[in-house]
Amino acid sequence: MTTADLVILGGGSGGYAAAFRAAALGRSVILIEKEKLGGTCLHRGCIPTKALLHAAEVADTARTGRQFGVRAAFEGVDLTRVHAYKDSVVSRLHRGLQSLAEAHDVTVIEGRGTFVGGTTVDVGGMRCTGRNLVLATGSHSKSLPGLELGERIITSEEALRLDYIPEKVVVLGGGVIGVEFASVWASFGAEVTIVEALPRLLPAEDEFSSRQLERALRRRGVRVKTGVKFTGARQDEHGVRVALESGDTLACDVLLVAVGRGPNTAGHGYEASGLELERGFVATDERLRTNLPGVYAVGDIVEGPQLAHRGFAQGVFVAEAIAGLNPPPIDEAGIPRVTFSRPEVASVGLTEAAAGEKYATGVTTLTYDLAGNGKSQILKTTGAIKLVKAPNGRVVGLHMVGDRVGELIGEAQLIYNLELLPEQIAPLIHAHPTQSEALGEAHLALAGKPLHTHG
């Protein structure tokens, strides 16, 4: 039997963050990963997807150069080179993680681990026992009952490896994954239709953001069908026919199934070991403790926003909690959210609807159009910033839509998490010309001192 202060099952964002922080705090650590260090985010999710999105942005820039006075010709997309670029980014980051594991003296064991009770994990017959155990087995792409995946009906993982650009694509699901791939394929020249059963895209975001994004996507030629349920799909060598509850049938070359991700809690011995699950997720308290002594869970197997940086923060939190540092619980509303479509959608804090439910009365909002922001006009992006103010004067929600607004989320999350008032933010000087000025202008207006806004 191999022992350590901390055993971690899963080497994704949550798992390796817990490992590195625990090691930095002087704990011995065993990290078990069945594939590659970095998990889904690095190898099949966040990083490769964003590399494709950057390639898509370059394609759009080449295609529209004339509006900036630059004579550029868009000759097409070489997917072989796009994938080589994407894979090189992933490889460099993977090597960096491996180097960090060695530097922290973390013992990495490659293999499929099974929780066998207590704080012990079995890896191919080898038992690894820790004083504490962290479960971080991540998530998988979900599908729908009766929908058979295949060559032309794919999830995001297959979409990342697709070696051709389909002429027509139907994206089933208007959440973050669906919207991002729809944006990539539209930039690469495909005819794209998004089908979302709920009334709007990005249903977890503020309704303002959903409306702004849908209008922008339609201007880019993306067809959006919301409030429409999928009833079935049939594929053959010629393509896919997608049936909708409305009676419509959509013909396409590829159907992307982007209906969310489910927790990887099956097949790891969780239930057999007495671990409490709720709707497939590991049940934890606010300090990420499970019902079993010494066992914690982090990342996508814990119900909540499935974000790599959430898992990372939870991993650090658990490592510090085990070390006795008593860190404060993580406020999930304070975790920044970014959808890297074109335009981007970024937010932190409460939506207007959630704020209304929390405070009942006295919630106010302000919207600042990016038309008043110089850098946004230089970039030729449209969009807006919406602020949600609680009755106590605090800014409790910040919602942004526009190209590159994801880069503003750092300041936005400080405003929310430091519980600042508009009057405290308004005096801050934002460099000109930057998009960050839009945040400043919005808070000036909310503080009753509008400059570049009407009224």
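Quick notes on this one:
- The selection criterion, being over 22 Å from the mean Cα position of the chain (by Cα) and either over 23 Å from Arg342 (Cβ atoms) or surrounded by fewer than 16 Cβ atoms within 10 Å (Cβ to Cβ) (or both), holds for Gly232.
- Within the stretch 235-259, if we keep just the residues that are open to solvent by less than 30 Å² (accessible area, probe 1.4 Å) and out of contact with any Phe, Trp or Tyr (no Cβ under 8 Å at 6 or more places or on another chain), the residue that is nearest to Thr155 (Cα to Cα) turns out to be Val257.
- No other residue among Val184, Val224, Val240, Val228 is closer than 13 Å to Leu256 by Cα, touching a strand residue (DSSP E or B) at 6+ places or on another chain (Cβ under 7 Å) and either of a type in the set (A, V, I, L, M, F, W, C) or not in a helix (DSSP H, G or I) (or both) apart from Val240.
- Flag for Ala51 being out of contact with any Asp or Glu (no Cβ under 7 Å at 6 or more places or on another chain), crowded, with 24+ Cβ neighbours inside 10 Å and of a type outside the set (Phe, Trp, Tyr): no
- Enumeration of residues in the stretch 1-41 that are at pLDDT 95 or above, part of a helix (DSSP H, G or I) and under 23 Å from the mean Cα position of the chain (by Cα): Ser13, Gly14, Gly15, Tyr16, Ala17, Ala18, Ala19, Phe20, Arg21
- Positions within the stretch 155-204 being open to solvent by less than 60 Å² (accessible area, probe 1.4 Å), hydroxyl-bearing (Ser, Thr, Tyr) and touching a helix residue (DSSP H, G or I) at 6+ places or on another chain (Cβ under 8 Å), in sequence order: Ser156, Ser183, Ser187
- Filtered residues of the stretch 1-60 (kept if among the basic types (Lys, Arg) and touching a strand residue (DSSP E or B) at 6+ places or on another chain (Cβ under 6 Å)): Arg27
- Of the strands (runs of 3 or more DSSP E) entirely within the stretch 56-128, those holding at least 3 residues that are in contact with a Lys or Arg (Cβ under 9 Å, 6 or more places away or on another chain) occupy 120-123.
- Which numbered condition Gly96 fails, given (1) over 25 Å from the mean Cα position of the chain (by Cα); (2) of a type outside the set (D, E, K, R); (3) surrounded by fewer than 17 Cβ atoms within 10 Å (Cβ to Cβ): (1)
- Where helices (runs of 4 or more DSSP H) sit wholly within the stretch 399-455, those with at least 1 residues that are β-branched (Val, Ile, Thr) occupy 409-417, 422-425.
- Subset of the stretch 41-62 [over 30 Å from Gly311 (Cα atoms) and in contact (Cβ under 8 Å) with a residue 12 or more places away in the chain]: Ala59, Asp60, Ala62
- Residue that is farthest from Ile8 (Cα to Cα), among those in the stretch 261-280 that are outside any loop (DSSP other than H, G, I, E, B) and open to solvent by 40 Å² or more (accessible area, probe 1.4 Å): Glu278
- Considering residues of the stretch 371-394 that are part of a strand (DSSP E or B) and either aromatic (Phe, Trp, Tyr) or over 16 Å from Arg211 (Cβ atoms) (or both) only, the residue most open to solvent (accessible area, probe 1.4 Å): Lys389
- Filtered residue count, the stretch 35-48, keeping only those that are aliphatic (A, V, I, L, M) and either open to solvent by 40 Å² or more (accessible area, probe 1.4 Å) or under 19 Å from Val179 (Cα atoms) (or both): 1
- Filtering the stretch 186-220 to residues that are free of Cβ contacts under 8 Å to residues at least 24 places away in the same chain and either among the hydroxyl-bearing types (Ser, Thr, Tyr) or closer than 26 Å to Pro166 by Cβ (or both) leaves Ser210, Glu214, Arg215, Arg218, Arg219.
- Scanning the stretch 130-154 for residues that are of a type in the set (D, E, K, R), open to solvent by 50 Å² or more (accessible area, probe 1.4 Å), more than 22 Å from Ala308 (Cβ to Cβ) and assigned to a loop (DSSP other than H, G, I, E, B) yields Glu148, Glu151.
- Being within 26 Å of Asp122 (Cα to Cα), in contact with a helix residue (DSSP H, G or I) (Cβ under 9 Å, 6 or more places away or on another chain) and open to solvent by less than 40 Å² (accessible area, probe 1.4 Å) is a description that does not apply to Ala283.
- Residue list for the stretch 54-93, filter: open to solvent by 50 Å² or more (accessible area, probe 1.4 Å) and within 14 Å of Asp163 (Cα to Cα): Asp78, Thr80, Arg81, Ala84, Tyr85, Asp87
- Test: Thr367 is loosely packed, with under 15 Cβ neighbours inside 10 Å, in a strand (DSSP E or B) and at negative phi: yes
- Residue within the stretch 395-416 that is open to solvent by 40 Å² or more (accessible area, probe 1.4 Å), in contact with a helix residue (DSSP H, G or I) (Cβ under 6 Å, 6 or more places away or on another chain) and within 22 Å of Arg215 (Cα to Cα) present: no
The values are calculated or read from the model by the stated rules, or taken from the named source; none is laboratory data. Here the structure is a predicted model, which means the values were calculated and not measured. Don't worry about glycine lacking a Cβ; one is built from the backbone with ideal geometry, like all the others, and counts go over all protein chains shown. Just so you know, the surface numbers come from the protein's heavy atoms only, side chains and all, with ligands and any DNA or RNA stripped out. Shrake-Rupley method; radii C 1.70, N 1.55, O 1.52, S 1.80 Å.
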